[in-house]
Amino acid sequence: MPMHNGTVDAADDDDAHLKQLGIEPELGRRMTPFANFAISFSVISVLTGCLSMYGYGLVTGGPAVIVLGWLAVGALVMLIGMALAEITSGYPTAGGLYFMAERLAGDRDGERWGWYTGWLNMLGLLGAVAAIDYGAALFIGSFIEMQWGYSPSPAVTFVLFLGILLLHALPNLAPVRLVTAINSVSAWWHLAGVAVIVAALLVVPSEHRSAGWVVTHFVNDTGVDSPLYVTAVGLMMAQYTFCGYDASSHMAEETVGSRRNPARGIVRAVLVSWIAGLLLLVALTASIGDYAAVQSAEVPPVAVFAEALGAGSAKAMMLIVIGAMLFCGCAEVTATSRMVLAFSRRQAVPGHRVWATVHPGTKVPRNAVWFVVAVAALLATPALASTTAFNAVVAINILGFYAACGIPIWLRLRNPRRFTPGQWRLGRFSRPVGWLAVTWIGVVLVLACLPQRWPLTLSTLNYAPIPLAAALLLATVTWLRHRTRATQDQPSAPAHSDLPKDVDVV
């Protein structure tokens with residue numbers, strides 16, 4: 001359908017490109033560029049990540065690592081975001097990272113690379129849904145205790161968590177216009193929330209810590225004597241926050257201008273989060289009065305709010321943060337359901353025929369939404385018995401996400417001739433940005449597995465390598481099963497061997 005300027009309608013052009021990649025358009029393409037940015041910005045959610053991990057930062061390096069570490073990690077994540085954005089522009093599909101890896105690896109190894117990338121990405125996203133929504137349940141529990149003096153038990157907290165999951169499932173069952181509107185509100189909620197909290201912390205308290213203290217005061221309560229080691233593991237506070245910005249990529253099949261706007265969405269989400277997070281962390285850290293009391297508090301940011309602003313204002317700040325967490329979890333369910341849909345098209349998920357369906361009326365993957373909610377609920381069940389066990393389960397978030405990000409970026413560098421850039425390009429900076437991104441990802445994967453407290457006990461041991469190993473084992477088992485079935489079925493359908501890999505033969 002021609003437009004006033006004589007060009008082809010943008011959505012039709014996007015769908016034509018998708019067909020060239022071997023994927024039949026099924027999802028409704030109604031997402032605007034701002035909404036695509038908003039979903040990644042909502043998933044990063046500085047109000048969720050920075051405040052949830054603030055207590056960790058107070059122990060592993062203190063203010064110096066919290067603030068300067070955020071600046072350094074943000075710069076390095078920007079490189080990863082740009083490298084990922086360039087590849088997204090060439091392959092704007094809901095499969096995101098797994099599809100990129102499959103195409104960039106080549107015909108012989110592509111399916112295997114895509115399979116492992118997809119499993120790491122999918123399990124990382126599912127772990128993120130569990131972590132975000134359970135974290136929201138914990139914050140709601142803290143608010144209930146502040147307001148009414150009732151401390152929720154682990155069982156009550158888990159019921160709250162299940163209610164939040166259901167709350168996030170419902171809007172994702174409707175046409176994408178609804179979650180588009182929710183994510184747009186979320187973006188403004190986060191920006192306004194950061195502005196309100198920063199302004200309150202700068203204006204209300206009569207005294208603040210000096211600028212020198214904020215950027216140089218170093219705290220080591222890890223039990224490790226090496227300041228370098230403590231600084232390294234302390235960087236994980238920022239790194240944990242900067243996760244999930246591939247959401248823009250997973251929504252590419254529903255975004256107008258898919259060869260440009262999802263790439264822009266990734267980069268803009270990281271950049272705006274970097275700036276907003278810095279303002280938030282500086283204001284929060286400068287407002288610390290009794291450091292020991294804040295450090296030992298159950299929810300350290302709430303202790304800062306209460307000390308600096310008073311109990312009433314602290315509750316208001318808590319409601320802003322809880323709202324951000326709820327928006328964040330809803331956006332993560334949206335992105336993860338698209339990943340499950342795309343990976344099920346590849347027959348990689350058990351029960352793939354069910355999860356690969358798109359509702360004909362709403363044009364959204366309803367079954368995949370329920371899959372995400374159900375698996376997230378299962379992942380969080382260890383929290384009923386042990387917080388340490390639950391942390392081990394959700395650690396796959398950062399490991400799965402960054403391992404999955406690193407694979408297509410590395411394959412792009414390894415096989416440059418296989419990649420055809422889209423409309424968003426780095427040009428001559430592509431390779432140096434890519435190598436720096438891959439190098440930092442390698443460092444992150446090591447740091448995320450290091451012990452963070454000494455001496456090592458069952459409660460201080462870093463269990464992150466266990467879910468990573470479990471993810472790789474699960475990917476290997478399903479891969480071998482898939483290859484066995486493919487070998488058995490191959491003689492019966494030789495006539496279809498020339499079809500694109502992502503077109504199922506029914």
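Things to note:
- Criterion: modelled with pLDDT under 95, at negative phi and crowded, with 24+ Cβ neighbours inside 10 Å - qualifying residue of Ala297, Ala342, Ala314: Ala342
- Pairs, first hydroxyl-bearing (Ser, Thr, Tyr) in the stretch 348-361, second surrounded by 10 or more Cβ atoms within 10 Å (Cβ to Cβ) and in a loop (DSSP other than H, G, I, E, B), C-beta under 8 Å, six or more apart: Thr357/Pro365
- The set of residues from the stretch 232-291 being farther than 21 Å from Val179 by Cβ, outside any helix (DSSP H, G or I) and of a type in the set (A, V, I, L, M, F, W, C) comprises Leu235, Phe242, Ile288.
- The lone criterion from (1) surrounded by fewer than 21 Cβ atoms within 10 Å (Cβ to Cβ); (2) touching a residue at least 24 places away in the same chain (Cβ under 8 Å) left unmet by Ala331 is number (1).
- Answer residue from the stretch 424-457, given it is of a type in the set (S, T, N, Q) and at pLDDT 95 or above and is nearest to the chain's Cα centre (by Cα) among those: Thr439
- Pair list, Cβ under 6 Å, 6 or more apart: the stretch 240-263 residue crowded, with 24+ Cβ neighbours inside 10 Å, other residue part of a strand (DSSP E or B): Met251/Met31; Glu254/Met31; Thr255/Met31; Asn261/Thr255; Pro262/Thr255
- Conditions (1) over 19 Å from Ile66 (Cα atoms); (2) among the polar types (S, T, N, Q); (3) under 23 Å from the mean Cα position of the chain (by Cα): number failed by Ser273: (1)
- Any hit, the stretch 323-332, residues being farther than 25 Å from Ala247 by Cα and among the charged types (D, E, K, R): no
- Being within 24 Å of Thr241 (Cα to Cα) and either in contact with a Leu (Cβ under 9 Å, 6 or more places away or on another chain) or part of a helix (DSSP H, G or I) (or both) is a condition met by at least one residue of the stretch 24-33.
- Taken over the stretch 432-449, the criterion of being part of a helix (DSSP H, G or I) and either touching a residue at least 60 places away in the same chain (Cβ under 8 Å) or buried (at least 18 other Cβ atoms within 10 Å of the Cβ) (or both) is satisfied by Val433, Gly434, Leu436, Ala437, Val438, Trp440, Ile441, Val444, Leu447.
The values are calculated or read from the model by the stated rules, or taken from the named source; none is laboratory data. Keep in mind that this is a model prediction, so the values were computed, not measured. Quick reminder, even Gly has a Cβ in these numbers, built from the backbone with ideal geometry, and neighbours come from all protein chains shown.
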